Amino acid sequence: MRKLTNGSAGAGVVDTKPVVGSDLAHESAIKHVTGRATYVDDIAEPANLLHVATGQSTIAHGRIRSINLDAVRTAEGVVDVIVCDDIPGDPDISPVYTGDQLLASQIVEYVGQPIFAVAASSLEAAKRACSLAQIEFEELPAILTPQQALKESQFVLPTRTFQIGDASKAIDAAELVIESEQTVRGQEHFYLEGQVSLATPTEDGGVHVVSSSQHPTEVQKLVASVLGLNIHQVQAEVRRMGGGFGGKESQAAALACMAAVFAVRTGRPVKYRMPRQDDMVQTGKRHDFWNRYRAGFDAKGVLTGVEMELAGLCGCTADLSEGIVDRAMFHADNAYYYPATTIHGYRCKTHTVSNTAFRGFGGPKGMIAAESMMDDIARTVQRDPLDVRIDNLYGPGRDVTPYGQKLEQHMLRDMMQQLATDTDYYERRKSITEYNRNSDQFRKGLALTPVKFGISFTATHLNQAGALLHVYTDGSISINHGGTEMGQGLYTKIAQIVATTLGVSYERVMVTSTRTDKVPNTSPTAASSGTDINGMAAKNAAEKIRARLINFLADQHGVESDSVQIANDLVMVNGQSLTFDEVIKAAYMARVQLSATGFYKTPKIHFDKEAGKGHPFFYYANGCAASEVLVDGATGEYRVSRVDILHDVGSSINPALDIGQIEGGFVQGMGWLTTEELLWDDRGRVISNSPANYKIPTAYDLPEHFKVSLYDQPNNEDTIYRSKAVGEPPLMLGLSVWCALRDAAASFSDYRMNPPMDAPATPEQLYRAIQAAKAGVAS
Amino acid sequence: MVKTCPNGQELKFILNNQIKELDVPADKTILQAVRELGLTGTKEGCASGDCGACTVLVGEPSDKGVRYQTVNACIAPIGQQAGRHIVTVEGLESPDGELHPAQEEMVNCHGSQCGFCTPGFVMSLAALVEADVSADREEVLQGISGNLCRCTGYRPIVEAGIAALEVGSSAAIQGQELVQSLSASTAQAVLQPANESELQESIRDFPNADLIAGGTDLMLEVTQRYEAKPNLIDVTRVEELQLVSADEEKLVIGAAVSYSRLEEFFAGRSSPFVSLLHRLGSRQIRNSGTLGGNLANGSPIADTPPILIAWDAEIETVNTKGEARLTAVSDFYRGYRDTTLSGDEYIARIHIPHASIESFHRFFKSSKRLEDDISSVMGAFRFEGTPDKVTVARIAFGGMAATPVRLKAIEDLLTDSELSRDLVAQAVEALGDKMTPLTDVRASAAYRSEMAASMLERALLEFMGEARPVITEVSLDA
Ligand SMILES: Cc1cc2nc3c(=O)[nH]c(=O)nc-3n(C[C@H](O)[C@H](O)[C@H](O)COP(=O)(O)OP(=O)(O)OC[C@H]3O[C@@H](n4cnc5c(N)ncnc54)[C@H](O)[C@@H]3O)c2cc1C
Ligand code: FES
Ligand code: FES
């Protein structure tokens, strides 16, 4: 049996397996299963630690008339209470634009918006104190839906359009035309570890913040700015998160800032950890969207023109909604060629919490429009939806996207056909149709859907990364980089990359906590780019060290540098074999620099936002999934009975971790489209505010047959070891479940009509779709 | 002056391989206590019993040695654990540092990503290994029914569970040997009467104290609403309340018997009830939750009241003088969260006629997620007679009004008439205006009404001999 070691790294162990490409366990796996992996809340608490809670708006929109905090201040355990005016620097903590106030001052714009904050001796004391505040509001009219915002032209940012050809004319001239609309709900991140930050004052009047954040640099910058400090006075540190999924890209900063303000005011360490319900109410989620489309196509279902309007519910501020709605537009084609198209993206302002990044970053919202459209077309022309999908794919000569980027690699036709063959799609389709004809109560549904996802930050400047590599005199190696670990296995992959580049064993390499004083000015770990950019930066640093060692040895032995080789912890010079440890000792004695920084910026990308044209993505990641479901027509209850996935990760750096991302992403996407129903009431309160009423999938929701295969083909772009990003794309494979459910609903009309179905397809939603299908037949 | 419970007395229990004595308030949870002791492997994901990140094992002496069950540490008071063995993730390794099979296989199968849910899953899997259940997917799914993971998609965790069960337990959990030595000497933070007369005395002496059984409802007031519960009387140590017995006519179930024990007891007696129990909460919740708590809590969306109504069950309440009375479950509810239970009474037992359990009964639960979800509608039906004539009908619903409801009018409509599809349609039609469900986060009023109708129809058709399985009963084989 396995013995415990003190972490993943331990120098001197020789391992001859190829490091990149192997199924290494997550670098913290043993720490995870023994409970020794330390999260922010697990750091030993100093005796004088303070805990934070906030007093919140109870209305969606209004003016604060008066605030009386006397009872709060005198409550048991309370040490400090602040309102907006007490913030020493800039209270605005917006990531890109403006409007996100750490504490509201005059106007409140969502239920749950923090108005004052309390630091107390315990979380319970802080929470209890908050409930003693007396705040009077003057209520103002609230906008709560995208429809309302569109009607009143309330937007957080201007509307954008992608256009190719004359879509309206193309559709009018088409043989067949359909149009539809659909509400697609948002999603709560439900990272298992809630938002949390711990701030400790430093002797320079600054703060050290340990945070559960995907974006330490932004935490550092905003903490400095709310405190009115220089950035160098603040250090932000992230060892790991208990899940992020985009929810800790911009949303983590508020907690860090609040804790930091109290830390500086009181001179004491301060922790701000949100209890689950506060987290579910006060932090942003995936956007609700209201999508409309009109499509023209021929008798075989091949598109001639598409008009789409995608309206995202951004909440009260811009946050990251510029990029999110852009990405919905970038993926409104999914994998399909639109010969003529107009795509509008609206950023609706509502009096709800400001929505934020969530795995897929708007992409899923555009894709669901494309995928429902494909099913609608297939049923209209009475063809198998898979055939219609394949006939509409991009291909040579049909390869320009609505934003002008030309596709260079066409993999999906082959992938979808391979998956269809491997999973007997057409035979199953036949037997399902047969089963459905003979079954009243239960029906089956099947769908095979593709995903094409653009890789790169669409904000071009973010596509840069740095790394810092040290080799110590015992031959152990430490690598630091700008990416954060949230479970995706980034640290593991970075260690694999460094080991492979240097020709040493994986065990030699330790990845250390992400810190802004080690690698500065980093980008968020987001847009699936973590390994792509930080891996390249780490490789760049490792290559520098490798070159220095080789040059040193070549000089020392008087040979050409290409006759020096490093592999498997051994160095071959002139036919002589040295250990890596020996070489490092000698290099140190000879005063060779054993530390290097690395840097990377993604090539080829550019985009003109105003024109809606350019080459925003370095490459695309592809995948497809076939899902089968069983549905009870009398209740709308259902189960997923089989899932097969074929996914393209280029040349995998770690197949086990990549499969983990694919499975986890798929299930998260499936959750968004099935049981996870994010709901507000008519006063703007989030009513799905706890795991008791917001249901993410459990193990029971997964079928026994759940198979993932990798489509093994190197990236044709020069990415890190020719791999492809894998974080976000698989989430959208979950669309196959939603489409399969709608397929089963359509069977109640003998596939003659397109039952309207919003997302998520809760049993109730599906029941409505089934009723509509039945009524469609009856009429 | 009202006395307060003797809190502040030292509480004695075993934590991993050490005996601990603590001075704690009554409403401190196991989770808070172990984390304050520096054992931070046990995580808080929700503090409401929904995610399982806080799962620990609680061991108690039984006839087969120490028996371990999973518990949601976030809502279980540490004060209830006197004399028990609490095992956290830090306590699973062997003395020489070998991982437990549940840990080992989680590593081998790539069962952790962010790792935050992992200690909870490890504990749930370890409980299965310690209980030596068969290495089977269904067992693993039941075992982890109260554990959420947002990263992995579960496949590797289920595989790890099956693999760990194949390996099996090799050594006793550390600290187990201390359990016997401690059981006699249990100083308490929460009042733990041992029998009914002590319970009556405790209620008399401490009228301000809350009764607590599993705590799966009560403790949410502490962890979600930050209320203090300084005085608790634990009914789960009352010997008589843990008994299941039978006389000629009735089955008598102690109010503090856990759902997990009911599952075992009803296996072979009522498969509809066992199936329903599998959808009530999770394994962790069922290890703690009780019938008495479900009834006394008074919630209109509780799962068991409609069942007990359909079974013509009666609730035996006893007051501090030891006087008992029996109330039909359908008469127990007066209004929203209001029952006939008075301040000086407790629920002692639930009486269920054997004849009810032996007659045709069917229970349906409607919820967004099939596992571990609160019902939007709960329907319970019992019919006697023949497929063409109902002689006794019981129809009850939860989630359709401010209390669990029994529909006498529909029962009357069905009773002693010729049972036909027409009559079924009439009954379903008549159901329409009898209840006033709400629209809320779980379902719309309209869907609730439609599901109630569909449940009634299903139950009747099935009584007539037409099989109408629910989705959880159908094989998924393609
Ligand atoms: C995650 C989760 C999932 C759940 N899922 C379900 C579900 O699917 N279906 C469902 O019906 N419920 C569910 N519940 C609610 C809860 O588990 C049940 O109601 C359970 O039966 C309560 O029993 P308990 O022993 O834990 O009660 P406790 O919480 O101990 O007590 C509840 C109330 O009853 C009183 N009480 C307890 N015992 C007695 C007694 N003998 N005499 C008098 N008063 C008493 C207490 O004072 C308290 O007011 C869930 C809860 C959680 C946290
Ligand atoms: S913390 Fe979620 S169940 Fe206990
Ligand atoms: S591994 Fe992250 S929640 Fe399970």
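The values are calculated or read from the model by the stated rules, or taken from the named source; none is laboratory data. A quick note: this is a predicted structure, and the numbers were derived from the prediction, not measured. Every residue, glycine among them, receives a Cβ derived from its backbone with ideal geometry; neighbour counts consider all protein chains shown.
Observations, loosely collected:
- Boolean, A:I550 is within 23 Å of A:Y491 (Cβ to Cβ) and surrounded by 14 or more Cβ atoms within 10 Å (Cβ to Cβ): no
- In this entry, B:E429 is excluded by the filter for residues that are under 30 Å from A:D701 (Cβ atoms), more than 27 Å from the chain's Cα centre (by Cα) and either more than 14 Å from chain A (Cβ to nearest Cβ) or not in a loop (DSSP other than H, G, I, E, B) (or both).
- Residue in the stretch A:434-445 that is among the acidic types (D, E), in a loop (DSSP other than H, G, I, E, B), in contact with a Gly (Cβ under 9 Å, 6 or more places away or on another chain) and in the same structural domain as A:A541 (by TED's automatic domain parsing) present: no
- Hits in the stretch A:87-124 - residues which are under 20 Å from A:P275 (Cα atoms) and aliphatic (A, V, I, L, M): A:L102, A:L103, A:V111, A:I115, A:A117, A:V118, A:A119, A:A120, A:L123
- The stretch B:289-305 - residue that is in contact with a Ser or Thr (Cβ under 8 Å, 6 or more places away or on another chain) and of a type in the set (V, I, T) and, of those, nearest to ligand 3 (Cβ to nearest atom): B:I301
- Leading residue by the ranking (nearest to A:S478 (Cα to Cα)) among those in the stretch A:576-597 that are part of a loop (DSSP other than H, G, I, E, B) and in contact with a helix residue (DSSP H, G or I) (Cβ under 9 Å, 6 or more places away or on another chain): A:L594
- The stretch A:190-228, subset closer than 16 Å to A:I87 by Cα and part of a loop (DSSP other than H, G, I, E, B), residue nearest to ligand 3 (Cβ to nearest atom): A:G206
- Selection status of B:G59, within 16 Å of ligand 2 (Cβ to nearest atom), of a type in the set (G, A, S) and touching a strand residue (DSSP E or B) at 6+ places or on another chain (Cβ under 6 Å): no
- Selection of the stretch B:24-49 for residues being under 16 Å from B:G215 (Cα atoms) and within 15 Å of ligand 1 (Cβ to nearest atom) yields B:A26, B:D27, B:T29, B:I30, B:L31, B:C46, B:A47, B:S48, B:G49.
- In this structure, A:L469 does not satisfy being within 16 Å of the chain's Cα centre (by Cα) and not assigned by TED's automatic domain parsing to the domain that holds A:H331.
- As a summary of the residue check, B:S48 satisfies the conditions (1) of a type outside the set (F, W, Y); (2) more than 16 Å from ligand 2 (Cβ to nearest atom); (3) assigned to a loop (DSSP other than H, G, I, E, B) except for the one numbered (2).
- Tallying residues that are under 30 Å from A:G684 (Cα atoms) and part of a loop (DSSP other than H, G, I, E, B) within the stretch A:352-387 yields 11.
- Failed item, numbered, when B:C114 is tested on (1) in a loop (DSSP other than H, G, I, E, B); (2) touching a residue at least 40 places away in the same chain (Cβ under 8 Å); (3) within 16 Å of ligand 2 (Cβ to nearest atom); (4) within 26 Å of A:H705 (Cα to Cα): (2)
- Qualifying positions in the stretch A:720-733 - of a type outside the set (V, I, T), crowded, with 20+ Cβ neighbours inside 10 Å and either in contact with a strand residue (DSSP E or B) (Cβ under 8 Å, 6 or more places away or on another chain) or part of a loop (DSSP other than H, G, I, E, B) (or both): A:S723, A:K724, A:A725, A:G727, A:E728, A:P729, A:P730, A:M732, A:L733
- Filter result for A:G296 (closer than 28 Å to A:V184 by Cα, touching a residue at least 12 places away in the same chain (Cβ under 8 Å), small (G, A, S) and not in a strand (DSSP E or B)): no
- For A:G614, the conditions (1) part of a loop (DSSP other than H, G, I, E, B); (2) within 29 Å of A:G454 (Cβ to Cβ); (3) of a type outside the set (F, W, Y) all hold with the exception of (1).
- Restricted to the stretch B:133-153, and to residues there that are within 11 Å of chain A (Cβ to nearest Cβ) and not in a loop (DSSP other than H, G, I, E, B), the residue that is farthest from ligand 1 (Cβ to nearest atom) is B:R137.
- From the options A:E704, A:E717, residue that is surrounded by fewer than 24 Cβ atoms within 10 Å (Cβ to Cβ) and within 13 Å of chain B (Cβ to nearest Cβ): A:E704
- Checking the stretch B:233-243 against the condition returns a match, with at least one residue being in contact with a Cys (Cβ under 8 Å, 6 or more places away or on another chain), crowded, with 19+ Cβ neighbours inside 10 Å and either without any contact (Cβ under 8 Å) to a residue 12 or more places away in the chain or outside the structural domain of B:P25 (by TED's automatic domain parsing) (or both).
- Scope the stretch A:213-258; condition buried (at least 24 other Cβ atoms within 10 Å of the Cβ), within 14 Å of chain B (Cβ to nearest Cβ) and away from ligand 2 (no atom under 16 Å from the Cβ); matching residues: A:S213, A:Q214, A:V238, A:R240, A:M241, A:G244, A:F245, A:G246, A:G247, A:K248
- Whichever residue in the stretch A:260-284 is closer than 30 Å to A:W672 by Cβ and either of a type in the set (A, V, I, L, M, F, W, C) or more than 14 Å from every other protein chain (Cβ to nearest Cβ) (or both) and, among such residues, is nearest to the chain's Cα centre (by Cα): A:G284
- Residue count for the stretch A:346-373, restricted to those that are under 14 Å from A:V451 (Cβ atoms) and in contact with a Cys (Cβ under 8 Å, 6 or more places away or on another chain): 1
- Residue count for the stretch A:527-569 satisfying the condition of being in contact (Cβ under 8 Å) with a residue 24 or more places away in the chain and not in a loop (DSSP other than H, G, I, E, B): 25.
- Enumeration of residues in the stretch B:100-121 that are within 27 Å of the chain's Cα centre (by Cα) and either more than 7 Å from chain A (Cβ to nearest Cβ) or surrounded by fewer than 24 Cβ atoms within 10 Å (Cβ to Cβ) (or both): B:A102, B:G120, B:F121
- Looking only at the stretch B:55-76, and only at residues there that are more than 11 Å from chain A (Cβ to nearest Cβ) and assigned to a loop (DSSP other than H, G, I, E, B), the one that is nearest to ligand 3 (Cβ to nearest atom): B:A73
- Unique match (being away from ligand 2 (no atom under 16 Å from the Cβ) and within 14 Å of chain A (Cβ to nearest Cβ)) among B:S356, B:S342, B:S417, B:S376: B:S376
- Residue check for B:G52: within 16 Å of ligand 1 (Cβ to nearest atom), closer than 23 Å to B:I233 by Cα and either buried (at least 24 other Cβ atoms within 10 Å of the Cβ) or aliphatic (A, V, I, L, M) (or both): no
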